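Only one structure is covered here, and it is reproduced in the block below.
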There are 2 protein chains.
Amino acid sequence: MKIGILGAGQLARMLAISAHQLGIDTVCVDPNYECSARDVTKVHHADFFDLHEIEKCFSGVDCVTYETENLPIEAIHSVSKKFKLHPDIDILSIFQDRLSEKNFLNSLNIPTVDYLDVNSWHDIEYAINKFSFPFLIKTRRNGYDGKGQAMIHNTEEARAAWQQLSGKPLIIEKFVNFDFEISIISARNDKGETSFYPLVLNQHKNGILFLSQAPYFNEKLETLAKEYASVILRKLNYVGVMTIEFFCHHESLLANEIAPRVHNSGHWTIEGAETSQFENHLRAIIGWPLGSTKAKCLSAMFNLIGKKQIVSDLLNIPGAHYHWYNKKPLDGRKLGHLTLCTSNRNEMEMNIEKAIKLIRY
Amino acid sequence: MKIGILGAGQLARMLAISAHQLGIDTVCVDPNYECSARDVTKVHHADFFDLHEIEKCFSGVDCVTYETENLPIEAIHSVSKKFKLHPDIDILSIFQDRLSEKNFLNSLNIPTVDYLDVNSWHDIEYAINKFSFPFLIKTRRNGYDGKGQAMIHNTEEARAAWQQLSGKPLIIEKFVNFDFEISIISARNDKGETSFYPLVLNQHKNGILFLSQAPYFNEKLETLAKEYASVILRKLNYVGVMTIEFFCHHESLLANEIAPRVHNSGHWTIEGAETSQFENHLRAIIGWPLGSTKAKCLSAMFNLIGKKQIVSDLLNIPGAHYHWYNKKPLDGRKLGHLTLCTSNRNEMEMNIEKAIKLIRY
């Protein structure tokens with residue numbers, strides 16, 4: 001069994017590690033030379049448009065998946081004609097574009113923030129009249145970790161953002177002062193078997209995920225999140241792991257982003273769930289039965305961002321599991337993560353405090 | 001951080017996978033060309049006596065460990081002069097030889113079966129008089145999975161075994177019709193921090209481990225096993241994971257074999273314990289704090305021997321985790337393992353029955 005992965009960052013790395021356990025061979029294609037996955041599996045450096053090279057790299061694979069939705073869709077269209085792609089090309093196409101994503105969600109009656117397609121300065125003026133300040137201008141594609149977006153508090157800022165971002169397809173989103181953010185990770189295989197991990201509570205710092213805690217217990221929100229996820233999975237005949245990030249606002253959920261892939265807010269599943277999101281993504285795209293998505297304990301996952309860590313200090317925290325991606329330290333770059341596991345709520349709070357003191361940012 | 005591993009079989013493979021999670025680089029040396037670890041880490045093909053080549057392969061490693069005690073001790077002596085070896089050369093030397101192992105255990109008042117050093121036919125005649133039939137003749141070194149040993153029921157069989165095995169250093173062990181076999185896996189780092197996994201109940205078929213179940217609950221035996229393990233670890237200033245196999249006979253323990261390494265009866269710890277034996281071995285030899293060795297649930301680990309499996313059938317068993325080592329199928333060869341996890345005793349019994357029906361031997 002052999003799987004091709006488009007992209008070779010840390011998500012590909014963790015997919016490959018999980019694949020090794022299952023005896024599944026993996027091969028990644030990435031245009032970048034320094035890739036986190038390079039020391040755990042084969043990584044070929046090729047442009048995503050170089051179909052000839054990609055065909056060579058992926059020779060003999062049973063199917064192809066991706067670790068990022070930020071892929072050139074025309075190129076991947078060609079790949080999907082040669083290889084079985086999971087999740088499929090239409091799914092990738094919808095979720096790599098904030099506008100088509102939101103249009104899709106609204107067509108399914110899944111609430112989102114109000115938004116506007118932006119093609120001209122006129123559209124921004126319209127937004128200024130329609131939405132009160134502040135609102136957000138975002139690039140429709142290739143945004144991640146808070147990149148490619150600006151919060152707009154007045155007309156001057158709107159003008160500056162327009163100068164900086166115009167030329168790229170843009171979207172304006174109404175700002176919602178939400179109470180907190182959660183995500184739900186689900187898996188579905190080609191037999192329609194579907195599983196949901198428990199809700200995850202996510203906290204960000206400077207636009208980057210900082211802390212994910214699971215399970216986040218809220219029956220009402222969990223039921224709602226599963227309902228929305230189910231509708232999407234069925235509608236798209238989805239195969240693989242899918243993540244939805246929600247804003248929680250006045251006890252209701254607004255779908256913010258959908259990732260057609262394994263997700264940072266699911267790294268806790270490696271130790272904290274009966275089957276990790278990585279293994280379940282592989283099982284799903286191969287057509288194997290899914291593993292249980294139940295939590296084994298309480299988990300808290302910290303991203304390790306920008307700096308090297310003093311590992312022995314971190315591992316002194318009870319129930320700590322350290323993951324390092326072998327990337328060059330750089331401000332704002334996700335270099336690894338730390339997962340804390342325990343079944344005791346008080347112990348978890350104490351351990352989170354310890355971790356916050358010890359993690360170097 | 002970089003670690004050299006002597007040997008590149010499935011134990012090295014699982015060490016390397018665990019190392020990948022921790023961002024630790026690994027490199028293996030093995031004289032064999034077909035190695036299970038080859039598709040998860042760098043494997044250099046070199047003779048263990050080729051110190052020059054080994055030095056090149058292990059260039060830049062922080063320390064060296066091994067996945068088997070069946071190593072040429074003179075060669076490894078040279079390696080240990082160039083690199084920090086964990087567990088150290090004296091430990092390897094004791095435990096790779098059934099006679100020195102048993103002498104060592106007896107010097108610490110840890111019970112074993114009665115045994116005799118065999119250097120001549122005369123020694124065998126002495127054993128025939130001293131021990132009643134049956135007894136076992138074993139090679140002192142390089143035995144595994146029931147290889148290099150014979151059960152002797154009469155003088156004729158003794159003569160045949162002598163003809164076949166003489167020339168190699170031998171040991172005779174009194175046959176004990178033990179009630180069952182258990183093992184204890186422990187970890188110790190260079191700060192003397194020591195941890196024990198719960199007891200494991202082991203069942204063999206044709207001399208090969210077939211099923212390991214953990215935790216095996218027996219307070220008296222657990223206390224005794226930990227006591228024996230502690231004495232050994234302290235005496236040897238042991239660094240790494242160590243496994244002791246015990247025969248249980250009339251509520252007492254006879255130490256059978258000691259493995260100075262991660263062990264087949266500890267594979268369940270990947271999903272079933274808070275930290276796997278592989279991660280704890282790495283943490284120990286690096287000098288990091290050990291992770292918790294507590295069981296998260298009930299586990300049953302089946303070796304997958306000789307034949308390819310129908311994976312989707314196996315993964316239909318609730319709580320099943322499949323591991324495949326990418327080795328060529330061959331009669332009696334360990335090709336992978338299946339771990340079943342659940343917290344419910346009845347469910348475990350049912351799932352074990354399912355697995356026994358589905359696993360192809």
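The values are calculated or read from the model by the stated rules, or taken from the named source; none is laboratory data. What you see is a predicted model; the values in this text were computed from it and never measured. No Cβ is skipped: glycine too gets one built from the backbone with ideal geometry, and neighbour counts run over all protein chains shown.
Among B:201, B:233, B:170, B:211, which is the only one that is of a type in the set (A, V, I, L, M) and within 30 Å of residue B:121 (Cβ to Cβ)? Please lay out each step first, then the result.
On the way: B:201 fails: within 30 Å of residue B:121 (Cβ to Cβ); B:233 fails: within 30 Å of residue B:121 (Cβ to Cβ); B:211 fails: within 30 Å of residue B:121 (Cβ to Cβ).
Sole residue among the options that is of a type in the set (A, V, I, L, M) and within 30 Å of residue B:121 (Cβ to Cβ): B:170.
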For this session: Kindly indicate which of A:265, A:299, A:252 is in contact with a Phe, Trp or Tyr (Cβ under 6 Å, 6 or more places away or on another chain), outside the structural domain of residue A:146 (by TED's automatic domain parsing) and at negative phi.
Result: A:299
Exercise. Any chance segment B:146-154 includes a residue that's touching a residue at least 24 places away in the same chain (Cβ under 8 Å), within 21 Å of the chain's Cα centre (by Cα) and surrounded by fewer than 17 Cβ atoms within 10 Å (Cβ to Cβ)?
Worked result: yes
Problem set entry | Condition check for residue B:157: over 22 Å from the mean Cα position of the chain (by Cα), of a type outside the set (Phe, Trp, Tyr) and assigned to a helix (DSSP H, G or I) | yes
For this session: Determine whether segment B:297-315 contains at least one residue that is of a type outside the set (Phe, Trp, Tyr), touching a residue at least 40 places away in the same chain (Cβ under 8 Å) and within 22 Å of residue A:318 (Cα to Cα).
Result: yes
Problem set entry | Single unsatisfied condition, residue B:240 versus (1) on the phi < 0 side of the Ramachandran plot; (2) crowded, with 17+ Cβ neighbours inside 10 Å | (1)
For this session: Within segment A:104-118, identify whether any single residue is modelled with pLDDT of 95 or more, under 30 Å from residue A:1 (Cβ atoms) and of a type in the set (D, E, K, R), and answer yes or no.
Result: no
For this session: Please work out if residue A:175 is hydrophobic (A, V, I, L, M, F, W, C) and under 19 Å from the mean Cα position of the chain (by Cα).
Result: no
Exercise. Restricting attention to segment B:209-231, does a residue exist that is within 14 Å of another protein chain (Cβ to nearest Cβ) and assigned to a helix (DSSP H, G or I)?
Worked result: no
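So, residue A:301, is that one surrounded by 16 or more Cβ atoms within 10 Å (Cβ to Cβ), within 26 Å of residue A:3 (Cβ to Cβ) and touching a strand residue (DSSP E or B) at 6+ places or on another chain (Cβ under 8 Å) or not? Write out each step before concluding.
Working: surrounded by 16 or more Cβ atoms within 10 Å (Cβ to Cβ): yes; within 26 Å of residue A:3 (Cβ to Cβ): yes; touching a strand residue (DSSP E or B) at 6+ places or on another chain (Cβ under 8 Å): yes.
Taking the combined requirement at face value, the residue satisfies it.
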Exercise. Tell me, which residue of segment A:10-37 that is in contact with a strand residue (DSSP E or B) (Cβ under 9 Å, 6 or more places away or on another chain) and among the acidic types (Asp, Glu) is nearest to residue A:335 (Cα to Cα)?
Worked result: A:30
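Confirm whether residue B:77 is touching a residue at least 24 places away in the same chain (Cβ under 8 Å) and within 27 Å of residue B:233 (Cα to Cα). Lay out the reasoning, then the answer.
Numbers: touching a residue at least 24 places away in the same chain (Cβ under 8 Å): no; within 27 Å of residue B:233 (Cα to Cα): yes.
In short, no.
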Seminar exercise, completed: Quick count over segment A:160-196, residues being without any contact (Cβ under 8 Å) to a residue 12 or more places away in the chain, under 24 Å from residue A:100 (Cβ atoms) and in a helix (DSSP H, G or I), is 0
For this session: Answer yes or no: is there a residue in segment A:112-131 that is acidic (Asp, Glu) and within 30 Å of residue A:304 (Cα to Cα).
Result: no
Problem set entry | Selection within segment A:123-133 - in a helix (DSSP H, G or I) and over 12 Å from residue A:158 (Cβ atoms) | A:130
Seminar exercise, completed: Note on segment A:111-137: residues in contact (Cβ under 8 Å) with a residue 40 or more places away in the chain and either of a type in the set (Asp, Glu) or touching a Leu at 6+ places or on another chain (Cβ under 7 Å) (or both) are A:111, A:112, A:113, A:114, A:117, A:118, A:123, A:127
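Being touching a residue at least 60 places away in the same chain (Cβ under 8 Å), farther than 24 Å from residue B:311 by Cα and within 14 Å of chain B (Cβ to nearest Cβ) narrows it down to one residue among A:36, A:18; which is it? Give the derivation first.
Values: A:18 fails: farther than 24 Å from residue B:311 by Cα.
Just one listed residue meets the conditions, A:36.
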Seminar exercise, completed: Note on segment A:312-353: residues of a type in the set (Lys, Arg) and over 22 Å from residue B:296 (Cβ atoms) are A:327, A:328, A:333, A:334
Problem set entry | Tabulated pairs, segment B:219-236, first modelled with pLDDT of 95 or more, second part of a helix (DSSP H, G or I) and β-branched (Val, Ile, Thr), C-beta under 6 angstrom, 6+ apart or interchain | B:236/B:91
Exercise. Which condition number in (1) surrounded by 15 or more Cβ atoms within 10 Å (Cβ to Cβ); (2) modelled with pLDDT under 95; (3) closer than 18 Å to residue B:144 by Cβ is the one that residue B:206 fails?
Worked result: (1)
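Tell me which residues, restricted to segment A:1-15, are within 11 Å of another protein chain (Cβ to nearest Cβ) and over 19 Å from residue B:321 (Cβ atoms). Please lay out each step first, then the result.
Going residue by residue through segment A:1-15, those that are within 11 Å of another protein chain (Cβ to nearest Cβ) are A:1-2, A:10, A:13-14.
Listed by number, the residues that qualify are A:2, A:10, A:13.
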Exercise. Which helices (runs of 4 or more DSSP H) sit wholly inside segment A:2-117 and have at least 2 residues that are within 19 Å of the chain's Cα centre (by Cα) and either more than 21 Å from residue A:144 (Cα to Cα) or of a type in the set (S, T, N, Q) (or both)?
Worked result: A:10-21
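Residue-by-condition table, conditions (1) over 26 Å from residue A:249 (Cα atoms); (2) surrounded by fewer than 19 Cβ atoms within 10 Å (Cβ to Cβ); (3) not aromatic (Phe, Trp, Tyr):
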{"residue": "A:158", "(1), (2), (3)": "no, no, yes"}
{"residue": "A:179", "(1), (2), (3)": "no, yes, yes"}
{"residue": "A:188", "(1), (2), (3)": "yes, no, yes"}
{"residue": "A:199", "(1), (2), (3)": "no, no, yes"}
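Per-residue answers, yes or no, for (1) surrounded by fewer than 24 Cβ atoms within 10 Å (Cβ to Cβ); (2) over 20 Å from residue A:194 (Cα atoms); (3) within 20 Å of the chain's Cα centre (by Cα):
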| position | (1), (2), (3) |
| --- | --- |
| A:286 | yes, no, no |
| A:292 | yes, no, no |
| A:305 | yes, yes, yes |
| A:312 | yes, yes, no |
| A:317 | yes, yes, no |
| A:321 | no, yes, no |
For this session: Filter segment A:185-213 down to residues that are farther than 11 Å from residue A:293 by Cβ and more than 13 Å from the chain's Cα centre (by Cα), then give me how many there are.
Result: 16
For this session: Give me a count of the residues in segment B:243-284 that are of a type in the set (S, T, N, Q) and either farther than 23 Å from residue B:319 by Cβ or surrounded by fewer than 24 Cβ atoms within 10 Å (Cβ to Cβ) (or both).
Result: 4
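Please verify whether residue A:24 is within 14 Å of another protein chain (Cβ to nearest Cβ) and within 18 Å of residue A:262 (Cβ to Cβ), treating the condition exactly as stated.
Working: within 14 Å of another protein chain (Cβ to nearest Cβ): yes; within 18 Å of residue A:262 (Cβ to Cβ): yes.
It is true that residue A:24 is within 14 Å of another protein chain (Cβ to nearest Cβ) and within 18 Å of residue A:262 (Cβ to Cβ).
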